[in-house]
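Please read the structure below before turning to the comments.
The values are calculated or read from the model by the stated rules, or taken from the named source; none is laboratory data. The shown structure was predicted, so the numbers you read here are calculated from the model rather than taken from an experiment. The accessibility values were calculated without ligands, DNA or RNA, using every heavy atom of the protein model including side chains. Shrake-Rupley method; radii C 1.70, N 1.55, O 1.52, S 1.80 Å.
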Amino acid sequence: MTVGRFAPSPSGRIHLGNLLCCLLAWLSARQKGGKVVLRIEDLDTARCKRPYAEQMIEDLCWLGLTWDEGPGVGGPDGPYYQSERTALYEQALEKLERMGLVYPCYCTRAELHAASAPHRSDGQAVYPGTCRHLTAAEREKKTRAPATRLMVPDETWSFTDGHMGHYGENLLHECGDFLLRRSDGMFAYQLAVVVDDAAMGVTEVVRGSDLLSSTPRQLYLYDLLGLKAPEFIHFPLLLAPDGRRLSKRDADAGLDDLRFKLTAEEILGRLAYLGGFNPTAQPKTAEELLKDFHWEKVPKEDIRIPEGFFER
Ligand code: GLU
């Protein structure tokens, strides 16, 4: 059976970009008769707050995007808040440690982002392996708390995305040894998402194309941990009318503003029109959108929201 999921981070009110993600994940799984899991990705406790998560849950209910397992519903693979699942991440990290693939990294933020360091297309620095070969004596001398990195091989990991086609990356040269745990003890997204999607039996991951470049790293982790990887389907990003990436700061794209102006069906119908799977911008329920939904209709290029498109 297909198991899809929504995995929002509750760092603010849900916006149209998160909503498109939830809608596509919901439609893609439901259309195959599958189920949907809701997992709250609140690892970053400084940014993610419980009231935001509760508001997000209420917004999804208002929109009619239902889930079969998750907060409020329960299920066999809970808890469904990442902040309550650290024991699982701990176990996975220990397994990688036993394999001898993990090392402490003492680099400061400034060292990591030095202008001279090669950068990935998404702006992140490629980790040059500075701390990989420190001797025990050199580690002894360090005074700051270390982060934990995974050693990656000089190998290209690729896959066929369900929407975007072939994508691959050389882990060593295009990414570098990546973080599993920050120096403050917070587990990294890459580790948590793999552990959780596998533990929750997710077979289909639908998410924005900004995470396409994370997928080779995640596939490598699935392999090391002996877990079965899901199918990945990435979709284009929704952009503000001026072409910028939408963020939680775009108040008019946030559900707080939109819920005052429009009904749930009006929001979904317009969003689906922009996504190519509603022939007009007519209001529709999520159920009604199932009929016309097909991944082939969804564009591959980023989608710019026309000015005033979500006004009354
Ligand atoms: N929590 C992530 C976000 O809200 C999504 C991660 C994922 O879908 O893998 O951007």
Over 18 Å, how big is the tail of the calculated P(r) for the stretch 140-184, in percent of all Cα pairs? 50 percent
Using a 1.4 Å probe and counting only protein heavy atoms, arrange Leu38, Leu211 so the residue with the most accessible area comes first. Leu211, Leu38
Please work out the C-alpha center-to-center distance from the stretch 131-175 to the stretch 178-194 and express it in whole Å. 12 Å
Carbon/sulfur fraction of accessible area - the chain, other protein chains in place, 1.4 Å, %: 51 percent
One finds the C-alpha centres of the stretch 17-43 and the stretch 248-272 to be spaced, in Å, by 18 Å
Kirkwood hydrodynamic radius for the stretch 1-48: how many Å is it when counted over pairs of different Cα atoms? 11.4 Å
From Cα coordinates alone, what are the radius of gyration and Dmax values for the chain in angstrom? 20.2, 67
Report the gain in length on full extension from Lys291 to Trp62: 0.36 nm times residue separation, minus Cα-Cα distance, nm rounded to one decimal. 80.4 nm
Considering only the chain, percent of DSSP beta bridges that pair antiparallel, nearest 5: 55 percent
Using just the Cα positions, wrap the stretch 102-204 in a convex hull and report its mean projected area in square nanometres, one decimal place. 8.0 nm²
With no solvent and one point on each alpha carbon, what is the Debye value of log10 I(q)/I(0) for the stretch 1-150 at q = 0.12, 0.16, 0.17 Å⁻¹? -0.73, -1.01, -1.06
What residue among Phe159, Phe187, Phe260 has the largest mean-square fluctuation in a Gaussian network model of the chain, using Cα springs under 10 Å? Phe260
Using Cα positions and a limit of under 19 Å, work out the aspartates and glutamates in reach of Lys291, with same-chain residues fewer than 8 apart set aside. Glu265, Glu266
29 Å Cα-Cα threshold exceeded, pairs from Lys228/Lys300; Lys142/Lys228; Lys32/Lys248: Lys142/Lys228; Lys32/Lys248
Rolling a 1.4 angstrom probe over the protein heavy atoms, how many square angstrom per residue are accessible across the chain? 46 Å²
